[in-house]
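Data first, discussion second: the structure below is written as C-alpha cells.
The values are calculated or read from the model by the stated rules, or taken from the named source; none is laboratory data. A quick note: this is a predicted structure, and the numbers were derived from the prediction, not measured. With ideal geometry, Cβ positions are generated from the backbone for all residues, glycine too; neighbour counts draw on all protein chains shown. Remember, those area values only see protein heavy atoms, side chains included, never the ligands or the DNA or RNA. Shrake-Rupley method; radii C 1.70, N 1.55, O 1.52, S 1.80 Å.
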Amino acid sequence: MKFAPKLAVSAIAGVALGLFATWATVIHGPGPDALADGPWRTSLTIGSAKSGPYTRASVAIHGLLALNRSETIYYTAFTDSSGAALDGACTYDIVGHDPDARWWSITAYGADDYLIPNPVDRYSISKNSVLRASDGSFSASVGSAAHVQNWIPTTREPFSLTLRLYNPGASVQSEPAQASLPVIVKEACS
Amino acid sequence: MRVRAWSAWMASTLAVAALVHVGSLYALPYLVMHRAWSLMGDRNTMHHGARADANSRMIVRPSPDLLYSTCPYDLSKGPLEVRATIPHDTYWSVSAFDDDTNNWYVLDDRQTEHSKLDLVVQSPDHDKEVAATEHRLVVTSPTRRGLILIRTLINDDDRLDAIDRTRRLATCGLLPAGQ
C-alpha cells in the first residue's frame, strides 16, 4: 500500500479507537473514582472542579447540573443488592430506613437517563411521600405490577435508580461508602 | 523491515487514538453544557420549567420532586443580578455552573436568614467590582458563560400551586448600570 492510503487508514482507525475508548469509559461505563455502598455507587467529586476528566464527562452525560457533595450526594444503582442487573421484567422491593439527610428520594430512570413513562405519572418515592411501618422502616415496590402505595413503576426495559440525599448528614458526608442505605431485593421475574 | 514498518503504523494509530480519546474526554462536558445552555432559551432571563415528568427531555435525570428554574447567563455585557424569594418551609437552593459543568456556587435556604435573594454574578474579567452589602451577595463566575439553577422542593403535593407561585418570583437579568 502507498504511504497516503496507509496514513488515512491509520488516522481513521485511530479516531475510531479513540472515540470507542471514550464511549466505553464514559458513556457506557462507571466513573473511575466511584465508591460502592451495596448496590449504590457514587463519586466524591461529582459537580466539583476537582473532579477528573472521566468523572466530569460522565456527569455531563448521565447527571448534568448535579450539585457538589456538600449540598447533595447522589447514589445510583444499576444492580440489585445481589449484584444482578436491574431488569424491567422483574419486580424489586426497596427496604430500609430513612437515610441520614434532610431530604431524600429514590427515582427510576430508563436506559436513556430520563423518567420512565407510566399511566399514573409516578416516578419516585421520597421522604415526604413514602409510607412507613410503626418502627420507621419502609418497603417500596419497583416494577410494572401496580401497587396503591410505595410504588415506583417501570417498564420491561432495563432501568436504574438514583438515590438523592439533600443536605446529607455528617456521617454520610464523611463516609459515603458506609452509609446506611436501603437494600434492593429481587422479588420475581416474568 | 516489514515488522518495523508495521510497528510504526501501529504506534501512529495508537497515538491518534490517545489524542482523540483525551480530546473528546475534555470536550464532552463543554459541548454538553453548551447544548443545554443553547436550548434553555433567552440569555440572562429566568425560565421556570414545568414539574418534570416522562416528557421532560432537556436535562438528563430530572427529579420529579423538585421545581427547576434556570437562567443561562452571558456576562460579556456586564454583571448578572439574580433575585428570588427564599422559602424557609421547604428545601430551596440557588446554584451556579460554569461552562465546563462545574458547580462553583451553591446557597440553600438553611444557609441564609434572609427571605429575599439578591445575588450578583460578576464576569471573571470584570473591570469594576460590584460592592456587596448586607442584602446583596456578590460572586465571581469562573467563566463568562454559565448557568444559574434554582431548585425548590415540592414537599407537599397539596401545596404545589403555592410553592410554584413563590418560585416563579425569581428573576435574573443584567445588573442596571450604576448599581
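If you plug each phi of region A:41-58 into the Karplus form 6.51 cos²θ - 1.76 cosθ + 1.60 with θ = phi - 60°, what whole-Hz ³J(HN,Hα) values come out, in order, with x for Gly and Pro?
10, 8, 10, 6, 10, 4, x, 8, 5, 7, 5, x, x, 5, 5, 4, 5, 5
Can you figure out the FRET efficiency of B:Ala131 with B:Arg159, using R₀ = 30 Å and their beta-carbon distance, to the nearest 0.05? Mind dumping the intermediate values first?
Working: r = 37 Å, r/R0 = 1.24.
The formula returns an efficiency of 0.20 here.
Which sequence of B:Arg61, B:Arg144 reflects their accessible areas, 1.4 Å probe, from the largest down? Please list the in-between numbers first.
Numbers: B:Arg61 25, B:Arg144 115 Å².
Ranked list, largest accessible area first: B:Arg144, B:Arg61.
Along each of the three principal axes of the Cα atoms of region B:21-107, give the extent in whole Å, ordering the values from largest to smallest.
47, 37, 22
So how strong a dipole does the protein assembly as shown carry about its Cα centre when Lys and Arg Cβ are +1 and Asp and Glu Cβ are -1, to the nearest 20 debye? Show your work: numbers first, answer last.
Details: 33 positive and 37 negative charges, 295 e Å.
Once rounded to the nearest 20, the dipole reads 1420 debye.
Residue by residue through B:23-35, how many Cβ atoms from other chains fall within 10 Å of the Cβ on average? Please report the intermediate quantities before stating the final value.
Details: counts 3, 8, 11, 3, 2, 9, 11, 3, 1, 5, 3, 0, 2.
Mean shielding by partner chains, rounded to a whole number: 5.
If amide H atoms are built 1.01 Å from N in the plane of the peptide, which residues on other chains or at least 5 residues away come under 5 Å of the amide H of B:Gly146?
Distant-sequence amide H within range of B:Gly146: B:Tyr73.
Which lysines have a Cα lying under 26 Å from the Cα of B:Lys116, excluding residues fewer than 8 positions away in the same chain?
Cα-Cα hits under 26 Å: B:Lys77, B:Lys128.
Only helical DSSP H runs with n ≥ 4 go in: add -39500 (n - 2.57) per run for the protein assembly as shown, normalise by residue count and round the 222 nm mean residue ellipticity to 500 deg cm²/dmol. Walk me through the numbers before you get to the answer.
Working: 5 runs with 81 residues, N = 369.
Value at 222 nm, helices only, nearest 500: -7500 deg cm²/dmol.
With an 8 Å cut-off on Cα pairs and a minimum separation of 6 or more residues, tell me the relative contact order of region A:89-179 in percent.
Working: 174 pairs, mean separation 37.2, N = 91.
RCO, region A:89-179: 41 percent.
I'd like the Karplus ³J(HN,Hα) series for region A:68-76: coefficients 6.51, -1.76, 1.60, θ = phi - 60°, whole numbers in Hz, and an x wherever there's a Gly or Pro.
For region A:68-76, the Karplus-derived couplings read 6, 5, 5, 9, 8, 10, 10, 10, 10 Hz, x marking Gly and Pro.
Run the numbers on region A:5-138 and let me know its relative contact order in percent, using alpha-carbon pairs under 8 Å that are six or more apart.
Working: 117 pairs, mean separation 22.0, N = 134.
That works out to 16 percent.
Relative contact order for region B:1-140 using alpha-carbon pairs under 8 Å, separation at least 6, rounded to a whole percent? Provide the component values of the computation, followed by the final result.
Details: 157 pairs, mean separation 25.3, N = 140.
For region B:1-140, the relative contact order is 18 percent.
Give the long-range amide H neighbours of A:Thr79: residues separated by 5 or more places, or on another chain, with amide H under 5 Å away, using H modelled in the peptide plane at 1.01 Å from N.
When sequence neighbours closer than 5 places are left aside, the close amide H contacts are A:Leu86.
Return the long-range amide H neighbours of B:His47 (sequence gap of 5 or more, or a different chain), with a cut-off of under 5 Å between placed amide H atoms.
Excluding prolines and chain starts, which carry no amide H, the hits are B:Thr70, B:Cys71.
Taking a ≥ b ≥ c as the square roots of the Cα gyration tensor eigenvalues, with a/c under 1.5 meaning rounded and otherwise prolate when a/b beats b/c, else oblate, which class fits the protein assembly as shown? Spell out each step's value before the answer.
Working: a/c = 2.13, a/b = 1.14, b/c = 1.87.
The shape class here is oblate.
In whole Hz and in residue order, list the ³J(HN,Hα) couplings for region A:164-178 that follow from phi through the Karplus curve 6.51 cos²θ - 1.76 cosθ + 1.60, θ = phi - 60°; x for Gly and Pro.
9, 10, 8, 6, x, x, 4, 5, 5, 5, 7, 9, x, 7, 10
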